[in-house]
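Since the structure comes first, as structure tokens, the remarks are kept for the end.
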Amino acid sequence: MNLATRLLLVFSVFVIAAGYWLTDFDAHFAFRGDGRWKPTRAGDPANGKVLFAAGGCVSCHASSGADDRLHLGGGKPLKTPFGTFYPPNISPDPKDGIGRWTETQFIRAIRDGTAPDGRPYYPSFPYTSYRHLSPDDAIDIFTYIRTLPPVSGKPPNHDLTFPFSIRRGVGLWKLAFLDGSVIEPESNHSESWNRGRYLVDGVGHCAECHSPRNFMGAIIDEKRLSGGPNLEGKGIVPNITPDKTGLAAWSEADIANLLKDGFTPDFDSVGGSMAEVVRNTAELSDVDRMAMAIYLKSLPPIQGQMRSK
Amino acid sequence: MKLHHVVLVLSLSVVATIAVASTAAIGERQQVMKSNGAATKSIMGMLKGEAPFDLPTVQKALATYQENTTKFVTLFPEDSKTGEKTSASPKIWEDMAGFLAANEKFKADAKAASIAIVDEASFKSTMPNVVKNNCGSCHEAWRIKDAQ
């Protein structure tokens, strides 16, 4: 073996090792290192219930076909261009749900997108937004979920197209796109604005549907909340920045009202996935809905696509 | 005019009629929805306590819903699946029976409410369910808004 061959061999080993390490599920810690948060107090199920509604957990995790929305057995298929996702069972069932999870495991799941066994969740689980939650709030949600009925049964595995079917790739995806930390209040804004920002950008994860995404499925930051194609099929999701293609003509009360009863100022009733979102936001307080409206109206207007009337 | 000219003109006019027919259906169903919206607007203020209760206005809105649902189901011919910025989901034609059933439920709920609502108390207990269980859930399943 000559020197060139040896060097090439060493180099190849190095590249493979680096590639393996970069796709590690926790590689992003080495760069951002803020994932090891711990709660500072015991969980508060009342606050957890509010955040659970704001987070729309039931919209994906309710048992497929069940009447009771608080049966969190999962399995309702979510069809996307990447394939079909089957949301997991997050009921407190010890065998099939999250009944045996520790608080740390729950925080890791919701904020870092990492399962207790170390595998990464696909970002169809919006941990890119939930990442902004404080560990205390995350634990409040966990505490609330544990008060709900256990449901047995595991949904099927995700059915994804290549290359998205390689779960290890999500490690690299997280390294590239999982950014952000807990949303802390900004003192130059009102309490309502700060609450609204926490609800919209954090637990409410509005941007996950109301933003265009790049070819790797990550939100295009400069177009955040300006609407985009509907990943679940035909049609577009509307712009919710205060641009004339978005909410420019809407008052804060109009937005808060839509989140309560689903009606636009023209008394059209929202449809598609937003009908389900309104079932969740209807459970929030008027104060929280108004806070979301105040924050949305304060955003810089970004041009998006107009939708048909 | 030769025979094949006649055939050509005839077939063109048939095509034109179909195009006009489906365009008209889309426009008409959009009008029906606008009318539903206006009827809803007339009662939502009362429901929120922002406007005084007025039984004739409520009954008129419920009558509008019933007339509109009767008309609405006739406005979905096979050739009106696309065009004119329609927001109708393709699912309507894939599951016409389900769509008709949803429409029929709205009509039945509006009719039942028109009998049940006799005063402000019965209005406040009955009306929210008519709106909540029909508008949003129907749009959830059967409507997709596209780019303008």
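The values are calculated or read from the model by the stated rules, or taken from the named source; none is laboratory data. Keep in mind it's a predicted model, so treat the numbers as computed, not measured. Using ideal geometry, Cβ is built from the backbone for each residue, glycine included, and neighbour counts are taken over all protein chains shown. In case anyone asks, the SASA skips ligands and DNA or RNA and just uses the protein heavy atoms, side chains included. Shrake-Rupley method; radii C 1.70, N 1.55, O 1.52, S 1.80 Å.
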Note to self: Whether any residue in the stretch A:76-92 is under 23 Å from residue A:139 (Cα atoms), surrounded by fewer than 20 Cβ atoms within 10 Å (Cβ to Cβ) and not hydrophobic (A, V, I, L, M, F, W, C) is what I want to check.
What the structure shows: yes
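Any idea which residue in the stretch A:210-244 is farthest from the other protein chains (Cβ to nearest Cβ), counting only those that are among the hydrophobic types (A, V, I, L, M, F, W, C), assigned to a loop (DSSP other than H, G, I, E, B) and crowded, with 20+ Cβ neighbours inside 10 Å? Show your work before the answer.
Initial filter on the stretch A:210-244 (among the hydrophobic types (A, V, I, L, M, F, W, C)): A:215-216, A:218-220, A:225, A:231, A:236-237, A:240.
Now narrow it down to the ones that are assigned to a loop (DSSP other than H, G, I, E, B): A:215-216, A:218, A:220, A:225, A:231, A:240.
Remaining after also requiring crowded, with 20+ Cβ neighbours inside 10 Å: A:225, A:240.
Numbers: A:225: 17, A:240: 14 Å.
For the stretch A:210-244, the residue satisfying everything is A:225.
Quick one: which of A:48, A:99 is out of contact with any Gly (no Cβ under 9 Å at 6 or more places or on another chain), part of a helix (DSSP H, G or I) and assigned by TED's automatic domain parsing to the domain that holds residue A:122?
A:48
Does residue B:67 satisfy the condition of being open to solvent by 40 Å² or more (accessible area, probe 1.4 Å), within 16 Å of residue B:137 (Cβ to Cβ) and modelled with pLDDT of 95 or more?
Numbers: open to solvent by 40 Å² or more (accessible area, probe 1.4 Å): yes; within 16 Å of residue B:137 (Cβ to Cβ): no; modelled with pLDDT of 95 or more: yes.
Criteria not met by residue B:67.
Which of the helices (runs of 4 or more DSSP H) contained wholly in the stretch A:252-309 include at least 1 residues that are among the small types (Gly, Ala, Ser) and at pLDDT below 95?
Numbers: elements: A:252-261, A:272-281, A:286-298.
Because the criterion is at least 1 residues that are among the small types (Gly, Ala, Ser) and at pLDDT below 95, the helices (runs of 4 or more DSSP H) in the stretch A:252-309 that meet it are A:272-281.
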Checklist line | Failed criterion for residue A:249 (all others in (1) open to solvent by less than 50 Å² (accessible area, probe 1.4 Å); (2) in a loop (DSSP other than H, G, I, E, B) hold) | finding: (1)
Margin query: Looking only at residues that are within 14 Å of chain A (Cβ to nearest Cβ) and within 29 Å of residue B:83 (Cα to Cα) in the stretch B:94-132, which one is farthest from the chain's Cα centre (by Cα)?
Written below: B:94
Next item on the list: Considering each residue of the stretch A:130-152, count those that are small (Gly, Ala, Ser) and either within 15 Å of residue A:91 (Cα to Cα) or crowded, with 23+ Cβ neighbours inside 10 Å (or both), and give that number.
Entry: 2
Item checked: Failed item in (1) within 14 Å of another protein chain (Cβ to nearest Cβ); (2) touching a Gly at 6+ places or on another chain (Cβ under 6 Å); (3) not acidic (Asp, Glu), with residue A:281 passing the rest -> (2)
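This table checks each residue for (1) part of a helix (DSSP H, G or I); (2) among the polar types (S, T, N, Q); (3) under 23 Å from residue A:263 (Cα atoms).
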position: B:60; (1), (2), (3): yes, no, yes
position: B:84; (1), (2), (3): no, no, no
position: B:109; (1), (2), (3): yes, no, yes
position: B:115; (1), (2), (3): yes, no, no
